[in-house]
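A short write-up of the structure that comes next.
The values are calculated or read from the model by the stated rules, or taken from the named source; none is laboratory data. Just so it is clear, the structure is predicted and the values come from calculations on it, not from any experiment. Using ideal geometry, Cβ is built from the backbone for each residue, glycine included, and neighbour counts are taken over all protein chains shown.
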Amino acid sequence: MNKKQWYETLFENYAEKYDNECFTQGTIGECDFIEKELDFNKKLKIIDIGCGTGRHSIELSKRGYSMTGIDLSKSLIEKAREKAKQNGLQIDFLKHDARNLPFEKQFDVAIMMCEGGFPLMETDEMNFEILKNVSNSLKDNAKFIFTTLNGLFPIFNSIDEFHENPDQVERQEGNATYKSTSFDIMTFRDYNITSFTDDDGKEYQLECNERYYLPCEITWLLKTLGFTKIEIFGAKLGAFSREDKLTTQDFEMIVIAER
């Protein structure tokens with residue numbers, strides 16, 4: 001049996017804690033941005049990759065969009081279904097691995113917020129498989145909106161200082177804490193120890209690593225998948241804007257790709 005990866009262990013029993021994390025508090029503003037990018041077209045079918053407990057899917061469904069949410073975590077998907085039911089919403093929440101999706105040209109739009117799978121995988125090839133599977137799930141004329149870790153940030157800044165800085169709202173007061181052990185300049189992977197307490201009160205310390213991507217890498221990867229228009233901006237929690245030119249100070253970037 002294969003050893004569980006850190007992201008599988010982290011999200012195995014974390015649905016209640018997940019919704020209280022500060023980085024999940026920007027949903028309304030993020031959905032405002034997504035709606036604007038879609039020209040408020042309620043006819044579009046949207047897939048939410050790495051949907052977690054369904055916060056973006058639920059909010060967009062409330063606004064009249066047809067949503068499908070997928071996640072690797074059974075507990076997060078169950079929580080998403082429960083929340084949708086409480087809100088009287090019809091949303092397909094399905095347990096799938098984003099590296100192996102069963103869809104082919106079924107959706108007009110894909111969203112992948114807050115590092116929903118990509119770039120958490122243990123190899124670059126697996127991360128690319130996520131992008132490829134998303135691409136395969138989209139129709140020929142489609143839009144793909146996602147956030148990912150900005151590779152420019154760790155070259156110029158300390159990841160530890162970012163996590164510890166009280167001005168970084170999205171990293172404050174959350175249950176999970178991060179301590180970077182090293183950043184590999186050759187692979188652009190940050191190795192860290194993530195400490196958290198699951199929904200049953202069990203404490204964990206996990207050895208994790210996450211891949212940071214340079215804007216030019218993202219552009220090239222998406223071009224190989226047939227996306228012709230790729231725009232990248234700085235991503236501020238709950239306040240995505242095309243006015244935010246990506247800088248070395250942005251921890252995350254938002255990518256808008258079309259074909």
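Does the range 192-207 hold any residues that are buried (at least 19 other Cβ atoms within 10 Å of the Cβ) and either small (Gly, Ala, Ser) or not in a loop (DSSP other than H, G, I, E, B) (or both), and which are they?
192, 196
If residue 218 satisfies all but one of (1) buried (at least 19 other Cβ atoms within 10 Å of the Cβ); (2) part of a loop (DSSP other than H, G, I, E, B); (3) at pLDDT 95 or above, what's the number of the condition it fails?
Condition (2) is where residue 218 drops out.
Against the definition (touching a strand residue (DSSP E or B) at 6+ places or on another chain (Cβ under 8 Å), touching a residue at least 24 places away in the same chain (Cβ under 8 Å), over 15 Å from residue 50 (Cα atoms) and in a strand (DSSP E or B)), how does residue 142 come out, yes or no?
Here the answer is yes, as residue 142 does meet what is asked.
Answer yes if at least one residue in the range 228-250 is surrounded by 15 or more Cβ atoms within 10 Å (Cβ to Cβ), among the aliphatic types (A, V, I, L, M), touching a residue at least 12 places away in the same chain (Cβ under 8 Å) and over 26 Å from residue 33 (Cβ atoms), and no otherwise.
No, the range 228-250 contains no residue that is surrounded by 15 or more Cβ atoms within 10 Å (Cβ to Cβ), among the aliphatic types (A, V, I, L, M), touching a residue at least 12 places away in the same chain (Cβ under 8 Å) and over 26 Å from residue 33 (Cβ atoms).
Quick check on this structure: which one of 117, 29 is under 22 Å from residue 149 (Cα atoms), of a type outside the set (A, V, I, L, M) and not in a loop (DSSP other than H, G, I, E, B)? Give the derivation first.
On the way: 117 fails: not in a loop (DSSP other than H, G, I, E, B).
Every option except 29 fails the conditions.
Would you mind telling me which numbered condition in (1) within 17 Å of the chain's Cα centre (by Cα); (2) on the phi < 0 side of the Ramachandran plot residue 216 fails?
Looking at each condition in turn, residue 216 falls short on (1).
Is it fair to say residue 61 is under 19 Å from the mean Cα position of the chain (by Cα), closer than 22 Å to residue 13 by Cβ and among the hydroxyl-bearing types (Ser, Thr, Tyr)?
So residue 61 fails the test.
Just need a number here: residues in the range 26-55 that are over 16 Å from residue 239 (Cα atoms) and either surrounded by fewer than 21 Cβ atoms within 10 Å (Cβ to Cβ) or polar (S, T, N, Q) (or both).
Residues in the range 26-55 being over 16 Å from residue 239 (Cα atoms) and either surrounded by fewer than 21 Cβ atoms within 10 Å (Cβ to Cβ) or polar (S, T, N, Q) (or both): 9 in total.
Can you find, within the range 95-114, the residue that is farthest from residue 239 (Cα to Cα) among those that are in contact with a helix residue (DSSP H, G or I) (Cβ under 9 Å, 6 or more places away or on another chain) and acidic (Asp, Glu)?
104
One line per residue, one yes/no per condition, for (1) assigned to a strand (DSSP E or B); (2) within 20 Å of the chain's Cα centre (by Cα); (3) modelled with pLDDT of 80 or more:
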site	(1), (2), (3)
163	no, yes, no
182	yes, no, yes
187	no, no, yes
190	yes, yes, yes
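Can we say residue 120 is in contact with a helix residue (DSSP H, G or I) (Cβ under 7 Å, 6 or more places away or on another chain) and modelled with pLDDT under 95?
yes
Would you be able to say whether some residue in the range 96-105 is outside any loop (DSSP other than H, G, I, E, B), touching a residue at least 12 places away in the same chain (Cβ under 8 Å) and either over 22 Å from residue 199 (Cα atoms) or in contact with a strand residue (DSSP E or B) (Cβ under 9 Å, 6 or more places away or on another chain) (or both)?
no
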